[in-house]
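Participant: The structure follows.
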Amino acid sequence: MNRNKSKTQQIIRILVESVFAIMIIKIFIVSPFIVRGESMNDSLKENNIIFALKKTSINIMTGYSKDNLNAFLKNKIIIVKNNEAYIMKRCVGIEGDTLIFSTGGITDTFIVPQDSIFVMGDNFRNSLDSRKFGFLNVKSVIGVQINNPVTIF
């Protein structure tokens, strides 16, 4: 009887430790996100699942610190919390960048202010992005998409 109890206790211990490890990874290192909408077509499709390296672990995993985080974010697909929604966009501009967009004979120029980023959907003709809602604070970044853990280094 003791032997069965011991095996049961081992199984429960392994399950509890596994759940704890998964929670730590999800909270601090990598989280899954589901793609909603068409703004990132053709890079990402509706209902794709992507994994994002959490901002809290970028320094540990990549060596980028708060001081040079912007350089790491540029041209990557990022997850941002905008108001109460999570959005996925490509970071196309970091502080100090001058961006010029020309559409139908109209030219718009944006200079990205300090501590801000400019984001756009890859499907830029059908994307609600910084051209409409403005710059985002770098603090609103939740994570950066990773396809393969090797690509973050």
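Participant: Going through L69, L99, L44 one at a time, which residue ends up being under 16 Å from the mean Cα position of the chain (by Cα) and either more than 23 Å from K132 (Cβ to Cβ) or surrounded by fewer than 17 Cβ atoms within 10 Å (Cβ to Cβ) (or both)?
Facilitator: Unique residue meeting the criteria: L69.
Participant: Mind listing just one residue for me: the one in region 47-66 that is exposed (fewer than 15 other Cβ atoms within 10 Å of the Cβ) and of a type in the set (A, V, I, L, M) and, of those, modelled with the lowest pLDDT?
Facilitator: The extreme case among them is I60.
The values are calculated or read from the model by the stated rules, or taken from the named source; none is laboratory data. These numbers come from a predicted model, not from an experiment. All Cβ positions, even for glycine, are placed from backbone atoms using ideal geometry, and neighbour counts span all protein chains on display.
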